[in-house]
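Have a look at the structure below, then the notes.
The values are calculated or read from the model by the stated rules, or taken from the named source; none is laboratory data. Predicted, not measured: the structure shown is a model, and the values here were computed from it. FYI the Cβ positions are ideal-geometry reconstructions off the backbone, even for glycines, and counts take in every protein chain you see.
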Amino acid sequence: MSFCVILLAAGNSNRFKSNLAKPYHKIGSKTLLELNLLKFEDIRQIKKIVVVHNPKHKKIIKKLKLKNIKLISGGINRQTSTLNALQYLKKQKQNISKVLIHDVARPNFSNKLIKSIIKNMKNAKAVIPAIKIQDAVKQKYESSKFEYIVSKNRNNLFLTQTPQCFNFNDIYKLHKANKEKYLDDDISLFVDLDKVKFIEGEKNNFKITDKTDFQNLKNYLRSKISVGIGFDIHKLVPKKKLYLGGLKIKSSLGTLGHSDGDPVLHSIIDAILGSCNMGDIGEMFSDKNKKYKNIRSTILLKKVCYKIKAKGFFINNLDVNIITQSPKIKKYKNKMQKKISDICKISLKQINIKGKTTEKLGIIGKEKAIACEVIASVIKYV
């Protein structure tokens, strides 16, 4: 089965009450739109992602530099936006048999939920995540003379969530036949629920409607932040190259090490691994392994970034102290930030680099060694 995702992000966000549209509000370094995309991009069954956006927000979305997605302009409401995306997919030559339709206002679903939806589509026309209602439910009735409240049996009521998954041809035909119909979600089009499967949703997959919901999501994700510390020191010797922060530095002395001896990147690696509870650089890239002999530390850092992403971690911040009597770091700081930013796929604002000396004290002060210490924070989005 091959799947496509339609991510609906074309709404006006009126209830959010902000000059900036809801999909582009950030939590940490990621917008709500980006948080959603992170959940889908590593699911192997998903072959294409279509983002339905508001044309008014074209400049904002362009700045995000999103990759491997197709942008489609939305319509006047949810139904027309979804139909626009379905019609685009219908014209493509790709063999898409299933489609996941998701609201950008629900960025906190898990990979486990996606995998459960995909698994259950084997024997269903549609799979819908839903959660039971636990609170008492009342309905208010009004007439010209009086008003009254009736209790409802909550055992027959539930809350549907997205992503919702459908056979592509089924949902395309239903949307095309109901162009003018107002929809809360896409399962509303199904009259016959034969082979429609409802699975258990997730309480944390709540919808961001207003700023209180947004703050609740922030509070939840703060509990997913963890911190790690990295430290490294290398002896300075003649006839060796000096690499710091991924840059080759002109110097009469270089660092002694099994790899290229870059204490800055080694400290960053250790700090990242520590924050993710994934051991240390020596365990992952043993100096007893010949394939790491003289390897560039930029390659090692790329590998680490890939490994932590596979486990759902993303770098939130790097604070770097380079401790050296010589060379002076100020001259190279901006280029180091750019190099680390490119490798880790994070913004320059997430990297802080400081140069420190030991006031000519100890082996560092005597220019016999260079050290580095790093504090890294990561957030588990997935």
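Just one of Lys140, Lys112, Lys63 is modelled with pLDDT under 95, within 22 Å of Gln45 (Cβ to Cβ) and not aliphatic (A, V, I, L, M); which is it? Give the steps one after another, and end with the answer.
Numbers: Lys140 fails: within 22 Å of Gln45 (Cβ to Cβ); Lys63 fails: within 22 Å of Gln45 (Cβ to Cβ).
Just a single option satisfies the conditions, and that option is Lys112.
Evaluate the following for Asp280: is it under 17 Å from Cys372 (Cβ atoms), in contact with a helix residue (DSSP H, G or I) (Cβ under 6 Å, 6 or more places away or on another chain), modelled with pLDDT of 95 or more and not hydrophobic (A, V, I, L, M, F, W, C)?
Taking the combined requirement at face value, the residue satisfies it.
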**Asked** Since Ser341 meets every condition but one in (1) free of Cβ contacts under 8 Å to residues at least 12 places away in the same chain; (2) farther than 27 Å from Met284 by Cα, which condition does it not meet?
**Response** (2)
**Prompt:** Quick one: in the stretch 93-124, which of the residues that are closer than 19 Å to Leu33 by Cβ and of a type in the set (D, E, K, R) is farthest from the chain's Cα centre (by Cα)?
**Reply:** Asp103
**Complete:** Scanning the stretch 312-354 for residues that are over 28 Å from the mean Cα position of the chain (by Cα) and surrounded by 18 or more Cβ atoms within 10 Å (Cβ to Cβ) gives Ile322, Ile323, Thr324, Gln325, Pro327, Ile329, Tyr332
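Can you tell me which residue in the stretch 361-370 is nearest to Lys241 (Cα to Cα), limited to those that are of a type in the set (A, V, I, L, M) and out of contact with any helix residue (DSSP H, G or I) (no Cβ under 6 Å at 6 or more places or on another chain)? I'd like the intermediate steps shown before the answer.
If we filter the stretch 361-370 for residues that are of a type in the set (A, V, I, L, M), which is where we start, we get 361, 363-364, 369-370.
Subsequent filtering for residues that are out of contact with any helix residue (DSSP H, G or I) (no Cβ under 6 Å at 6 or more places or on another chain) retains 361, 363-364.
On the way: Leu361: 24, Ile363: 19, Ile364: 17 Å.
Looking at residues that are of a type in the set (A, V, I, L, M) and out of contact with any helix residue (DSSP H, G or I) (no Cβ under 6 Å at 6 or more places or on another chain), I get Ile364.
Which of the residues that make up the stretch 222-270 are part of a helix (DSSP H, G or I) and either touching a helix residue (DSSP H, G or I) at 6+ places or on another chain (Cβ under 9 Å) or under 22 Å from Asn289 (Cα atoms) (or both)? Before the answer, list the steps.
Step one: filter the stretch 222-270 for residues part of a helix (DSSP H, G or I), giving 222, 263-270.
Pro263, Val264, Leu265, His266, Ser267, Ile268, Ile269, Asp270 - these are the residues of the stretch 222-270 that are part of a helix (DSSP H, G or I) and either touching a helix residue (DSSP H, G or I) at 6+ places or on another chain (Cβ under 9 Å) or under 22 Å from Asn289 (Cα atoms) (or both).
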**Message:** Test of understanding: among Ile96, Ile6, Ile69, which residue is in contact with a Cys (Cβ under 6 Å, 6 or more places away or on another chain) and either in the same structural domain as Asp186 (by TED's automatic domain parsing) or closer than 20 Å to Asn167 by Cα (or both)?
**Reply:** Ile96
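Which is in contact with a Leu (Cβ under 6 Å, 6 or more places away or on another chain) and modelled with pLDDT under 90, of Leu183, Leu174, Leu189?
Working: Leu183 fails: in contact with a Leu (Cβ under 6 Å, 6 or more places away or on another chain); Leu174 fails: modelled with pLDDT under 90.
Step by step, each of Leu183, Leu174, Leu189 is checked, and only Leu189 is in contact with a Leu (Cβ under 6 Å, 6 or more places away or on another chain) and modelled with pLDDT under 90.
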**Fill in**
Residue count, the stretch 23-53, condition outside any loop (DSSP other than H, G, I, E, B), within 16 Å of the chain's Cα centre (by Cα) and of a type outside the set (A, V, I, L, M, F, W, C), comes to 8
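Name the residues in the stretch 328-356 that are part of a loop (DSSP other than H, G, I, E, B) and either within 17 Å of Asp232 (Cβ to Cβ) or modelled with pLDDT of 95 or more (or both), would you? Can you show your working first?
Taking the stretch 328-356 as the starting set, the residues that turn out to be part of a loop (DSSP other than H, G, I, E, B) are 328, 332, 345-347.
Scanning the stretch 328-356 gives a single hit, Tyr332.
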